[in-house]
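The next block holds one structure in the form of structure tokens; read it before the comments.
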Amino acid sequence: MSYRGRFAPSPTGDLHFGSLLAALVSFLQARKHGGDWLVRIEDIDETRTIPGADQKILQTLAAFGMHSDEPVMYQTDPQRQAVYQQALAQLTTQQLTYPCTCTRKQLAGSSVYPGTCRNQPSKANKPHSIRVKTQNQSYTFDDLFQGVQIQNLATQSGDFNIKRKDGLFCYMLAVVLDDADQRISEVVRGIDIMDSTARQMYLIELLGLTQPSYAHFPVVVDTHNQKLSKQNHAKPVTHEDPMSTTSVALELLGMTPPTAAKKTQSSLLDWAIKQWQPERLRGITELRY
Ligand code: GLU
Ligand code: ZN
């Protein structure tokens, strides 16, 4: 199987340095393997989408010399929605789902769903989300960066939502179908999402999809130990000087580009692809910016 990687930003704001790093790491990893690199706009949660953010993200990536090898996928595309709907129907036919009418307030304080609605008469006539039934499964994967991980559904999430009360499909369902349809062989993303992997492996199994491998790279924190994120208003990456921003990113990843490599953005990326050694990030959970 040939290598296929992806970068899957949510269009909820500008790219900040942490998300640029996500793009760069997935890009280097794909190119090092001579593989494809795809961009997918994860706009499944329409309530968080900022109009125009997708275009700005794609422009920023372009300014940094990173272009999707295939047309950019959008989760709001009606064809994608049909795929999610079909998967939900499949799980429902297999009696693996049930409606849940619990409110946020009722669930406050519990990180694992207590199973309240699981064995109650169907409440499908009230506003409800759809949960997928889980048992006490554990999943093990050998993460390229973080090593062997064991995650258990019962202690991590319990029965989890795949469709929201407001009718939107959940990230957890969409992402596995998108990765499968885009034939992604390795999922490279931030360590902050690592704990969703067992739920995704479970859905992949239920839906009979192909299991990708995983590579969760370290979170970028600022000098105050704060994770760089849109929530804490990390500065957007500017287009002005992609080469110096890329150089800072590469240094954070343990590579020091020589002056000769810094002629153009594309020569810098070419140098980085040759130098890229994912082993260097092994066991590292945090990078200080
Ligand atoms: N859309 C997610 C984000 O922007 C990434 C999800 C993933 O890579 O699986 O944080
Ligand atoms: Zn419930």
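Quick note: the coordinates plus some simple rules give every number you see, no bench work behind them. Everything numeric in this text was worked out from a predicted model, so none of it was measured. Positions of Cβ are backbone-derived with ideal geometry, glycine not excepted, and every protein chain shown enters the neighbour counts.
Take the chain, compute every pairwise Cα distance, and split them into 5 Å bins from 0; I just need the percent in each bin.
Distribution as computed: 1, 5, 11, 15, 18, 17, 13, 9, 6, 3, 2, 1, 0, 0 percent.
Once the Cα atoms of helix 242-252 and of the chain are each reduced to a long axis, what angle between those two axes, in degrees from 0 to 90 to the nearest 10, is obtained?
Between the helix axis and the principal axis of the chain, the angle is about 70 degrees.
If you bin the C-alpha pair distances of the range 148-234 every 5 Å from 0, what whole percents do you get?
3, 12, 20, 21, 19, 15, 8, 3, 0
Rounding to the nearest 20 debye, state how big the charge dipole of the chain is about its Cα centre with +1 on each Lys and Arg Cβ and -1 on each Asp and Glu Cβ.
The dipole of the chain has a size of about 700 debye.
What does the charge add up to near Asp36, with Lys and Arg as +1, Asp and Glu as -1, over the other residues with Cβ less than 10 Å from its Cβ?
Taking every other residue near Asp36 into account, the sum is +2.
Looking at the calculated P(r) for the range 137-289, what percent of the C-alpha pair distances fall above 28 Å?
So the portion of pairs separated by more than 28 Å is 34 percent.
Using a Gaussian network model of the chain with C-alpha springs under 10 Å, which one of Asp54, Asp43, Asp181 is most mobile by mean-square fluctuation?
The residue with the greatest mean-square fluctuation here is Asp181.
A 18 angstrom limit on the alpha carbon distance is what I want to check against. Which of Lys123/Lys163; Lys163/Lys227; Lys123/Lys165 exceed it?
Over 18 Å Cα-Cα: Lys163/Lys227.
Run the numbers for Asp241 and Lys262: contour at 0.36 nm per residue of separation, minus the present Cα-Cα distance, in nm.
Full extension from Asp241 to Lys262 adds 6.4 nm.
Choose one of Gln81, Leu21, Gly167: the residue whose Cα lies farthest towards the positive end of the charge dipole of the chain (beta-carbon charges +1 Lys, Arg; -1 Asp, Glu; about the Cα centre).
Gly167
Pop a pseudo-label 7 angstrom from the Cα along the beta-carbon direction at both Ile50 and Leu252 and give the gap in nm to one decimal.
1.8 nm
Distance in nm between label sites at Asp77 and Ala63, each 7 Å beyond Cα in the beta-carbon direction?
Label at Asp77, label at Ala63, 2.6 nm between them.
Give me the base-10 log of I(q)/I(0) for the range 107-178 at each q in 0.24, 0.25 Å⁻¹, Debye formula, one uniform scatterer per Cα, rounded to two decimals.
-1.24, -1.27
Helix 265-275: angle to the longest alpha-carbon principal axis of the chain, degrees 0 to 90, nearest 10?
80 degrees
Give the dimensionless ratio obtained when the Cα radius of gyration of the range 1-159 is divided by 2.2 N^0.38 Å.
After normalising by residue count via 2.2 N^0.38 Å, the value is 1.28.
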